[in-house]
Amino acid sequence: MSTSKVVKYVGRTTDFKGKTLWEIVGCLKNFGVGRIIVRSVFERYPEPSFMKIVKVETCPDEERRRVRVWVEKTFRGRKLDKLTEIYRTSYKPDYKLIPKHEEAKLFAAVKEEHYFPDVILPRTIEMPPLMKKFIVKDHEKKGMEILNEYIMPLSYNHSPNRVQRIAKEGEKPTIQFTMGLGKPASPALYEGVPLN
Amino acid sequence: MISRNSILKRTWPMLLQCAEAHRKPRWLPVAKSKIYRIPKRPVVSEEERIELLRINNNYKTQMRAIRRFYHEEMIKERSTLESASSEMSQRLEAEEWERCVQLNDKWNAQVAAEREERRKKEFEKMEEYALARIEAKDKELKEKIAQASERIRRQKELSTTFITPETLDEAIDHALANPTDYNFAIDLEGQQYLGRDIPIPSKEQKRKAAENN
């Protein structure tokens, strides 16, 4: 019986591409401190995203082996101020090690001005039509004064990775959210459907 | 949650045998025969993906805004309620309390009067009952004494026939003079033959006696 070298994977496919963090870090000298790693999921953005390993702490070998790593993170061409801890996601087979001779190229790409559009997100949004009517009725019932503009504040999830800025008080946002369908991203899907 | 599907799954097998009537419970692992059955990955075109992403993002933003609005409104309402209760309605509450106390006192007085009356009646009844019982007890006692005295009288009467030391010799003599024999025999017809010395008639004698009679 001859053993063939070809590995055939059986099971569902995944979007991940690469190795787990432990597979990378465990094979490197000094656990790869100072080396650059990349998550291939973030390679979908035009701007470079990479992480520089600063500190590594090993963890016990479990079914999905994790490792605690602190990194200096550059996300979409912007370096974050604080160190980021990677632990919960370290088991994902989605990390790539950048060879030393390619690091310079990656750094060079960052130095260019990041070229994603400077979007300012709005602070408020108009109410949906039924809610407007409901609120008018409610205010009448309680004998409160009727509002003259039907807007409500928007809230956003806060993440250090946020690229788009939220408008400050009195600032004019560059985009506006509405309660309607909005402008379709791919109009081909709406062929023959009247949009208003 | 009971989905339409699950209801169908439960009721269908009663009506007709369905291939999918029995399913693996959710918590069991993949069946051995299904290990290599790999579901095909859904293919979503790029256009559709972008559009769906946009629509879903919009929806989430809108819903977040609505939820936040109502959450803030709830908090505002609660705070106004609390402030109202702390200042303005405190006086109202005190008045209400005063009113409640008065009403309570009135009710208490009413109940006390009723209770007093009831207690009096109960006491009377109890007294009556006790008196009746004492009387009954007295009567019983008297009856008992009468019965006892009757018995004593009878015993005294009987005592004249008792054997005393003075009459002992006489009694002995009398007994010796009249000996009594308590032995007896019995035949099949139940006739008693007192004494030891009485001869027992044979069957034939009996028959003859019967014929003569």
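The values are calculated or read from the model by the stated rules, or taken from the named source; none is laboratory data. On a predicted model such as this, the values are computed, not experimentally measured, just so you know. Here Cβ is always computed from backbone atoms with ideal geometry, including for glycine, and neighbour counts include all displayed protein chains. Note: accessible area is taken over every heavy atom of the protein model, side chains too, but ligands, DNA and RNA are not part of it. Shrake-Rupley method; radii C 1.70, N 1.55, O 1.52, S 1.80 Å.
Quick look at the numbers
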{"item": "Longest DSSP-loop-exposure-free segment, trypsin sites (Lys or Arg not before Pro), chain B, at most 16 other Cβ within 10 Å", "result": "B:41-195"}
{"item": "Cβ-defined net charge surrounding A:Gly182, 14 Å radius [Lys, Arg +1; Asp, Glu -1]", "result": "+1"}
{"item": "Whole-Hz couplings from phi, Karplus 6.51/-1.76/1.60, listed for segment A:29-45; x for Gly and Pro", "result": "5, 6, 6, x, 5, x, 8, 10, 10, 9, 9, 5, 4, 7, 7, 6, 7"}
{"item": "GNM result for chain B, Cα springs below 10 Å: residue of B:Pro29, B:Pro165, B:Pro42 fluctuating most strongly", "result": "B:Pro29"}
{"item": "Positive minus negative residues near A:Val41 (Lys, Arg vs Asp, Glu; Cβ under 11 Å)", "result": "+2"}
{"item": "Other-chain or far-sequence residues with amide H under 5 Å of A:Arg165's (modelled H)", "result": "A:Val119, A:Leu121"}
{"item": "Relative contact order (%) - chain B, alpha-carbon pairs under 8 angstrom, separation at least six", "result": "5 percent"}
{"item": "Accessible surface, 1.4 Å probe, highest first, among residues B:His174, A:His139, B:His71, A:His101", "result": "A:His101, B:His174, B:His71, A:His139"}
{"item": "Surrounding net charge for B:Glu98, when Lys and Arg each add one and Asp and Glu each subtract one, Cβ distance under 15 Å", "result": "-1"}
{"item": "Rough spin-label spacing in nm, given labels placed 7 Å along Cα→Cβ, for B:Leu158 and B:Ala136", "result": "3.3 nm"}
{"item": "Those chymotrypsin sites (Phe, Trp or Tyr not before Pro) in segment B:32-83 that DSSP places in a loop and that have at most 10 other beta carbons within 10 Å", "result": "B:Tyr36"}
{"item": "Per-residue HN-Hα couplings for segment B:32-46 [Karplus 6.51, -1.76, 1.60; θ = phi - 60°; Hz; x = Gly/Pro]", "result": "4, 6, 10, 4, 9, 8, 9, x, 6, 6, x, 9, 10, 5, 4"}
{"item": "Nearest-ten-degree value, helix B:4-15 long axis tilted from longest Cα axis of chain B", "result": "50 degrees"}
{"item": "Members of B:Lys121/B:Lys144; A:Lys29/A:Lys96; A:Lys141/A:Lys172; A:Lys96/B:Lys60; A:Lys19/A:Lys79; A:Lys8/A:Lys96 lying beyond 27 Å, as alpha-carbon distances in this model show", "result": "B:Lys121/B:Lys144; A:Lys141/A:Lys172; A:Lys96/B:Lys60"}
{"item": "Max mean-square fluctuation residue, GNM over chain B, Cα-Cα springs under 10 Å, options B:Ser79, B:Ser89, B:Ser159", "result": "B:Ser159"}
{"item": "Cβ-Cβ FRET estimate between A:Arg12 and B:Glu82, R0 fixed at 51 Å, reported to 0.05", "result": "0.40"}
{"item": "Within a Gaussian network of chain A (alpha carbon springs, distance under 10 Å), most fluctuating of A:Lys133, A:Lys92, A:Lys168", "result": "A:Lys133"}
{"item": "Exposed chymotrypsin sites (Phe, Trp or Tyr not before Pro) absent - longest run of chain A, DSSP non-H/G/I/E/B, at most 11 other C-beta within 10 Å", "result": "A:10-114"}
{"item": "Residue mean of other protein chain beta carbons inside 10 Å, A:174-180", "result": "2"}
{"item": "³J(HN,Hα), Karplus 6.51/-1.76/1.60, whole Hz, each residue of segment A:155-164, x for Gly, Pro", "result": "10, 10, 6, 9, 9, x, 7, 4, 9, 7"}
{"item": "In degrees, nearest ten, helix A:100-111 long axis to first principal axis of chain A (Cα)", "result": "20 degrees"}
